[in-house]
Amino acid sequence: MSQQRGAIVVGASSGIGEALSRRLAADGYEIGLAARRTERMRRIGNELPTKSYVATMDVTAVEDARQGFFDLAEAMPSVDLVVLSAGVATVNRDLEWEPERQTIDVNVRGFTALATAAMEYFESTPDHASESDGHLVGISSVAAHIGNDDAPAYSASKAYVSTYLEGLRYREGDRDTDVAITTIEPGFVDTKLSLGGFWECSPETAAAQIARAIEKKRTHAYVTRRWRAIAWLVDLLPERLRRRLF
């Protein structure tokens, strides 16, 4: 069993992905940074207290992204944790096709390509620093609980992410492997993707809470935790009332 913990963060060049990469490195993980902005990732990697690895990756080019993931994992001594944080959010009340297509390509196709690659890696690679067979974390959103007339594809894509990760957890229950699956549903986080304002937290606060959820291997966590109440309320309300309130 490898003694050095390693984490791959997809979408590591900004926002939650960058903040979480820094937090995990501070906790002792070697970090594999994956995103499109190579120079930005190199600068981040040079600032980390542990060794870093950089992979230029466009998740919409799904075959290249999967191969890039496996190449990055092979270059690292151990990969115990994979965080899928790449995502886009676009206000699109006019339902223009291009923003909807891009959202689906990144948040659904790209996410699924990398989630399946991570599961394939964990289930076929026994040498990890942790005692389990690996840990997959997907960054979804509280938006998964309700349709959004400003960004319909975004909310729908995050509902897909949350449901897909739930399916992977059920799948693990029927297998001999022990891969932990965690769904993270943030509310408003102060990043370029933010569509809101109230209860907005910093990426660093989000990263701290996500790191705790990872450490405890929770199946599901809201960021910040107060968003749990909002999600539960939305799930309980009839659609007619949800439309009036939100």
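The values are calculated or read from the model by the stated rules, or taken from the named source; none is laboratory data. Source: prediction; values computed, not measured. Ideal geometry is used to build each Cβ from the backbone, glycine not excepted, and the neighbour counts take in all protein chains shown. Note: areas computed on protein heavy atoms with side chains; ligands, DNA, RNA excluded. Shrake-Rupley method; radii C 1.70, N 1.55, O 1.52, S 1.80 Å.
Points to keep in mind about this one:
- Residue in the stretch 146-157 that is modelled with pLDDT of 95 or more and surrounded by fewer than 18 Cβ atoms within 10 Å (Cβ to Cβ) present: yes
- Out of Pro49, Pro77, sole residue that is in contact with a strand residue (DSSP E or B) (Cβ under 7 Å, 6 or more places away or on another chain), open to solvent by 50 Å² or more (accessible area, probe 1.4 Å) and over 16 Å from Pro203 (Cβ atoms): Pro77
- If you filter the stretch 113-131 down to residues that are open to solvent by less than 10 Å² (accessible area, probe 1.4 Å) and in contact with an Asp or Glu (Cβ under 7 Å, 6 or more places away or on another chain), you find that the one that is farthest from Thr103 (Cα to Cα) is His128.
- The stretch 24-44: number of residues that are in contact (Cβ under 8 Å) with a residue 40 or more places away in the chain and open to solvent by 30 Å² or more (accessible area, probe 1.4 Å): 1
- On inspection, Ser21 qualifies as among the hydroxyl-bearing types (Ser, Thr, Tyr), open to solvent by less than 20 Å² (accessible area, probe 1.4 Å), closer than 20 Å to Asp190 by Cα and at pLDDT 95 or above.
- Test: residue in the stretch 87-109 that is among the small types (Gly, Ala, Ser) and without any contact (Cβ under 8 Å) to a residue 60 or more places away in the chain: no
- Restricting attention to the stretch 147-195, the residues that are outside any loop (DSSP other than H, G, I, E, B), more than 30 Å from Asp94 (Cα to Cα) and of a type outside the set (A, V, I, L, M, F, W, C) add up to 8.
- If the condition is being surrounded by 17 or more Cβ atoms within 10 Å (Cβ to Cβ) and at pLDDT below 95, then the stretch 158-178 contributes only Glu172.
- Thr60 satisfies every condition listed in (1) among the β-branched types (Val, Ile, Thr); (2) open to solvent by less than 20 Å² (accessible area, probe 1.4 Å); (3) touching a residue at least 40 places away in the same chain (Cβ under 8 Å) except (2).
- Counting the residues of the stretch 1-18 that are closer than 17 Å to Val137 by Cβ, open to solvent by 10 Å² or more (accessible area, probe 1.4 Å) and of a type in the set (A, V, I, L, M, F, W, C) gives 1.
- Test: residue in the stretch 190-210 that is under 19 Å from Glu123 (Cα atoms), free of Cβ contacts under 8 Å to residues at least 24 places away in the same chain, open to solvent by 40 Å² or more (accessible area, probe 1.4 Å) and touching a strand residue (DSSP E or B) at 6+ places or on another chain (Cβ under 8 Å): no
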